[in-house]
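Scroll down for the structure; my scribbles are underneath it.
The values are calculated or read from the model by the stated rules, or taken from the named source; none is laboratory data. Not measured: the values here are computed from a predicted model. Note that we place each Cβ from the backbone using ideal geometry, even for glycine, and neighbour counts take in every protein chain shown.
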Amino acid sequence: MSRIASTLSALKAQGRKALIPYVTAGFPFADITPALMHGMVEAGADIIELGVPFSDPMADGPVIQRAGEKALTLGVGMREVLACVQEFRKRNQSTPVVLMGYANPVERYDQVHGTQAFVRDAAEAGVDGVLIVDYPPEECADFAARLRERDMDLIFLLAPTSTDARMAEVARVASGYVYYVSLKGVTGSGALDTAAVEAMLPRIRQHVSIPVGVGFGIRDAATAQAIGRVADAVVIGSRIIQLIEDQPHEKVVPVTVDFLRGIRKALDA
């Protein structure tokens with residue numbers, strides 16, 4: 001069983017919901033990410049999603065795009081992202097880490113470092129799951145199998161527009177959890193319709209037996225709590241990026257910890 005699966009299973013047994021914060025690796029400072037990850041855990045994060053900076057992030061809104069561009073200008077690529085995870089693992093062996101990003105950095109890494117180097121190096125760094133936004137499930141059986149051999153999960157997005165056939169295809173190869181994108185559009189866009197999410201989740205669960213996390217549009221304790229009533233996990237990204245993008249170095253971790261503690265309290269209420 002992967003670290004993600006065991007974490008989510010333990011939370012379910014406790015009647016609790018997973019808090020999954022997202023942050024772009026290397027943002028807003030190249031050296032901040034391991035400390036920020038530890039702060040998130042201290043504040044109650046159960047799983048951490050770490051964004052891999054990329055120049056053309058088609059699913060991301062302007063907030064996360066800016067974060068990726070800033071990290072890239074600071075020289076943060078896949079090697080640096082894996083180094084962040086490795087550094088985090090020196091003090092934390094239990095909190096799952098998911099890399100979220102796009103096909104290009106993964107495939108470029110294999111071109112530079114050798115066939116299947118990404119899977120090998122991600123596992124050795126301590127990564128637990130991978131979410132590649134633009135990898136279609138129909139073409140991922142081999143990649144998913146290679147990850148599972150290393151106790152890593154391949155996570156997929158589902159959207160309000162996903163068909164039953166698409167959900168069944170995702171269910172065939174996904175492990176760990178699936179990530180339901182609660183809004184049509186990019187990250188950070190629109191207002192969250194909790195009733196629509198509530199209506200969609202039973203349909204997803206007809207096809208998907210693993211936990212369902214919900215993200216896009218969750219900005220505060222109230223929306224997190226509402227989503228936590230129906231989902232297995234709550235994912236928060238753009239709001240965290242907004243909170244820290246203009247902070248001085250010494251304030252980045254405390255501001256994040258303060259925000260996530262409020263979310264954690266609401267989820268556990």
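Number of residues in region 147-161 that are more than 20 Å from Pro96 (Cβ to Cβ) and either in a helix (DSSP H, G or I) or free of Cβ contacts under 8 Å to residues at least 24 places away in the same chain (or both) equals 1. For the residues Pro53, Pro57, the requirement of being part of a loop (DSSP other than H, G, I, E, B) and at pLDDT 95 or above singles out Pro53. Can you pull out every residue in region 16-31 that is part of a loop (DSSP other than H, G, I, E, B) and either of a type in the set (Gly, Ala, Ser) or under 25 Å from Leu267 (Cβ atoms) (or both)? The answer is Arg16, Lys17, Ala25, Gly26, Phe27, Ala30. When the residues of region 84-103 are filtered to those that are crowded, with 16+ Cβ neighbours inside 10 Å and part of a helix (DSSP H, G or I), the one that is nearest to the chain's Cα centre (by Cα) is Val85. Only one entry of Ala45, Ala71, Ala30 meets the criterion of being touching a strand residue (DSSP E or B) at 6+ places or on another chain (Cβ under 7 Å), over 23 Å from Tyr179 (Cα atoms) and of a type in the set (A, V, I, L, M), and that entry is Ala71. Taken together, the criteria exclude Ala30 from residues that are within 30 Å of Ala145 (Cβ to Cβ) and of a type in the set (A, V, I, L, M, F, W, C). Close Cβ contacts (under 7 Å, 6 or more residues apart or on different chains) running from residues in region 70-95 that are over 14 Å from Ile48 (Cα atoms) to residues that are among the aromatic types (Phe, Trp, Tyr) comprise Lys70/Phe27; Ala71/Phe27; Met78/Tyr109. Arg166: basic (Lys, Arg) and either closer than 22 Å to Met1 by Cβ or in contact with a Gly (Cβ under 8 Å, 6 or more places away or on another chain) (or both), yes or no? When the stated conditions are applied, Arg166 does not pass them. Among the helices (runs of 4 or more DSSP H) confined to region 175-269, the ones with at least 1 residues that are in contact (Cβ under 8 Å) with a residue 24 or more places away in the chain and within 24 Å of Val133 (Cα to Cα) are located at 194-207, 221-228, 238-244.
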